[in-house]
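The values are calculated or read from the model by the stated rules, or taken from the named source; none is laboratory data. Since we're looking at a predicted model, the values are computed, not measured. Using ideal geometry, Cβ is built from the backbone for each residue, glycine included, and neighbour counts are taken over all protein chains shown.
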Amino acid sequence: MSALPPLDPGERDSFRAFLHALDRRGELARIATPFDPAGFDVSACLAALDDGPALLFAAADAAGIPLAGNVVNSIDRIALGLETSRAALGERIAGAIARPLAPTPAARAPVQDVEMKPDLDALPIPRFFEHETGPYITAGCIVARDAATGRGNVSFARLKPLGGARALIGIAPNHHLAVLARAAGERGQRLPIAVTLGNHPSVLVAAALYLDLGDDELEVAGALLGRPVEVARCRTSDLAVPAHCEIVLEAEIDTATRVEEGPVSEYHGMYERYGAGYVATVTAITRRRDAVFQVIEPGFHAEHVLIGGVAIAAGLRERLRRLVPAVRRVAVPMGGCGRLAAVVTLAPEHGAHDARQVIEAALPMVNLIKQVTVVDDDVDPWDETAVRWAVATRMRAERDIVVVEGLRTDRSEPLKTGGAIAKLGLDATRRAQDRADWTRAEPPQAARARVAPIVAAIARGARQV
């Protein structure tokens, strides 16, 4: 069966608590057919229902562990997980970064109720795409520690099982986890890590943030929750992991051992070949007694793209606001692969040159971002139809297009040449000289407020209200 696992008394800051919340809202679908994870069927379901309900798959493995995916596959779902609105999402994340909350020891750690053999073959790890060379763990929030400062780090990295306790770990060279692993290797040591699976949305978002090395993402997750994350000490290292996550893989990264990965999917929906990756060896696996294995459909799919997009947008917003105070909201939406294109909104009182200043500052600011569109704050930056409408109705091509050639980009950029690419800016803000009346034709606000509950019920699937 694909029944929801029960909650501990008072449990609210966990992956399963969020699944229960989605179930109450009619946003969780159960798939009773047990799929073999190696057969691509789990991936096919997640891909086909990319913008649909969260999916809970019946257990198909000997350990009886069900799978769940598409859990935070929309901006509204991410905002729900952070107990905010899509309009206030950026402000909420910025506030959490500015006012972190240190984790607190848990009175009980459900994630350590069961200890398994350190064998990845015992877990229901899916295969996703046809030309990848094996299954992948895609939802792991990886806990590590900087030996120099003692500060924690949490980030995402993919793991491909290699048989038994060994896995390839794919980390971009500039990511903090890679920096910490290389530092350990230079000391002749392995880097202890803990791959945590089945985390609350606050931890998922925090793990994707681009913070400074030494800023602990678990502290930001606590601030997003509004209370400290409860943590437990690992069995084979002194790392602290979220006590209410579903599964923890304790492991060590060996930078002296490398394995060729082969083609792997990227956020832009194509394959990349990054060469050899480090090897991680699992030292212990602990889990909840009725654990759920979380999966994130990788590649150009909503959950993978948007978790990264929200994180990049949060950092870009804060950096831009220091330069242009009129900046209000920033989105890095699905259409831009959650990595390559940003939308920035400006307050109504913005200056005549603010849009151009934002474009010129943002294009070199983040290596991945190669397109920046600036709109007025009456446009929802996460609504790609609204943004296209602004470009179509407010931008003059001969005046409002900026192209900057030869800017640095990321190794994952699909069109890079020698590590560089031309980048594009679009100013789609209103100009008084273009038009005297910019009033939108819409029903009155009072009427929209009256029918909002009806609209929301129909959007959630109700067919009679």
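Residue by residue, here is whether (1) within 22 Å of the chain's Cα centre (by Cα); (2) among the aromatic types (Phe, Trp, Tyr); (3) buried (at least 23 other Cβ atoms within 10 Å of the Cβ) holds:
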position	(1), (2), (3)
Asn174	yes, no, no
Arg187	no, no, no
Leu204	yes, no, yes
Val248	yes, no, yes
Val259	no, no, no
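From the list Leu204, Leu211, Leu224, pick out the single residue that is touching a helix residue (DSSP H, G or I) at 6+ places or on another chain (Cβ under 7 Å), part of a loop (DSSP other than H, G, I, E, B) and over 13 Å from Ala280 (Cβ atoms).
Going through Leu204, Leu211, Leu224 in turn, just one is touching a helix residue (DSSP H, G or I) at 6+ places or on another chain (Cβ under 7 Å), part of a loop (DSSP other than H, G, I, E, B) and over 13 Å from Ala280 (Cβ atoms): Leu211.
In the stretch 417-436, what residues are over 19 Å from Thr373 (Cα atoms) and either touching a strand residue (DSSP E or B) at 6+ places or on another chain (Cβ under 6 Å) or surrounded by 15 or more Cβ atoms within 10 Å (Cβ to Cβ) (or both)?
If the condition is that a residue be over 19 Å from Thr373 (Cα atoms) and either touching a strand residue (DSSP E or B) at 6+ places or on another chain (Cβ under 6 Å) or surrounded by 15 or more Cβ atoms within 10 Å (Cβ to Cβ) (or both), then Ala420 is the only one that fits.
If you check Thr236, Thr286, Thr257, which single one turns out to be under 29 Å from His131 (Cα atoms) and polar (S, T, N, Q)?
From the options Thr236, Thr286, Thr257, the qualifying one is Thr257.
From the list Ala342, Ala313, exactly one residue is small (Gly, Ala, Ser), at pLDDT 95 or above and assigned to a strand (DSSP E or B). Which is it?
Just a single option satisfies the conditions, and that option is Ala342.
Each row is one residue, and each column tells you yes or no for (1) under 19 Å from Ile401 (Cβ atoms); (2) surrounded by fewer than 21 Cβ atoms within 10 Å (Cβ to Cβ); (3) within 21 Å of the chain's Cα centre (by Cα).
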| position | (1), (2), (3) |
| --- | --- |
| Leu323 | no, yes, no |
| Val327 | no, no, no |
| Val332 | no, no, yes |
| Val344 | yes, no, yes |
| Asp354 | yes, no, no |
| Gln357 | yes, yes, no |
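Quick test for you: out of Glu246, Glu230, pick the one residue that is in contact with a His (Cβ under 9 Å, 6 or more places away or on another chain) and over 26 Å from Asn174 (Cα atoms).
After applying the criteria, what remains is Glu230.
Which of the residues that make up the stretch 105-114 are assigned to a helix (DSSP H, G or I) and in contact with a strand residue (DSSP E or B) (Cβ under 8 Å, 6 or more places away or on another chain)?
Result: Val111, Gln112.
Going through the stretch 371-395 one residue at a time, which ones are surrounded by 17 or more Cβ atoms within 10 Å (Cβ to Cβ) and basic (Lys, Arg)?
Arg394
Among the residues of the stretch 121-175, count how many are of a type outside the set (A, V, I, L, M) and assigned to a loop (DSSP other than H, G, I, E, B).
22
Yes or no: the stretch 424-439 includes at least one residue that is within 29 Å of the chain's Cα centre (by Cα), part of a loop (DSSP other than H, G, I, E, B) and at pLDDT below 95.
No, the stretch 424-439 contains no residue that is within 29 Å of the chain's Cα centre (by Cα), part of a loop (DSSP other than H, G, I, E, B) and at pLDDT below 95.
State which residue pairs qualify: first residue in the same structural domain as Lys416 (by TED's automatic domain parsing) and in contact (Cβ under 8 Å) with a residue 24 or more places away in the chain and inside the stretch 361-378, second residue surrounded by fewer than 18 Cβ atoms within 10 Å (Cβ to Cβ) and among the β-branched types (Val, Ile, Thr) in any location, beta carbons under 6 Å apart, and separation of 6 or more residues or different chains.
Short answer, once both residue conditions are applied: Leu363/Val404.
So which residues in the stretch 235-246 are in contact with a helix residue (DSSP H, G or I) (Cβ under 9 Å, 6 or more places away or on another chain) and crowded, with 19+ Cβ neighbours inside 10 Å?
Ala240, Val241, Pro242, Ala243, His244, Cys245, Glu246
Give the residues of the stretch 72-100 that are touching an Asp or Glu at 6+ places or on another chain (Cβ under 7 Å) and hydroxyl-bearing (Ser, Thr, Tyr), sorted by residue number.
Passing the criteria: only Ser74.
Yes/no per residue for (1) under 17 Å from the mean Cα position of the chain (by Cα); (2) closer than 14 Å to Glu250 by Cα; (3) without any contact (Cβ under 8 Å) to a residue 12 or more places away in the chain:
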residue: Pro201; (1), (2), (3): yes, no, no
residue: Ala208; (1), (2), (3): yes, no, no
residue: Asp212; (1), (2), (3): no, no, yes
residue: Gly226; (1), (2), (3): no, no, no
residue: Cys234; (1), (2), (3): no, yes, no
residue: Leu239; (1), (2), (3): no, yes, no
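Kindly indicate the residue of the stretch 359-403 that is part of a helix (DSSP H, G or I) and among the polar types (S, T, N, Q) and also nearest to the chain's Cα centre (by Cα) among those meeting that condition.
Checked the stretch 359-403; the qualifying residue nearest to the chain's Cα centre (by Cα) is Thr385.
Just checking, does the stretch 449-457 include any residue being touching an Asp or Glu at 6+ places or on another chain (Cβ under 7 Å) and without any contact (Cβ under 8 Å) to a residue 24 or more places away in the chain?
No, the stretch 449-457 contains no residue that is touching an Asp or Glu at 6+ places or on another chain (Cβ under 7 Å) and without any contact (Cβ under 8 Å) to a residue 24 or more places away in the chain.
Tell me, yes or no, whether the stretch 456-464 has at least one residue that is basic (Lys, Arg), under 30 Å from Gly336 (Cβ atoms) and either loosely packed, with under 10 Cβ neighbours inside 10 Å or touching a Cys at 6+ places or on another chain (Cβ under 9 Å) (or both).
No, every residue in the stretch 456-464 fails to be basic (Lys, Arg), under 30 Å from Gly336 (Cβ atoms) and either loosely packed, with under 10 Cβ neighbours inside 10 Å or touching a Cys at 6+ places or on another chain (Cβ under 9 Å) (or both).
Of the conditions (1) of a type outside the set (S, T, N, Q); (2) within 21 Å of Ile125 (Cβ to Cβ); (3) surrounded by fewer than 20 Cβ atoms within 10 Å (Cβ to Cβ); (4) in contact (Cβ under 8 Å) with a residue 40 or more places away in the chain, Asp41 satisfies every one except a single condition; which number is it?
(4)
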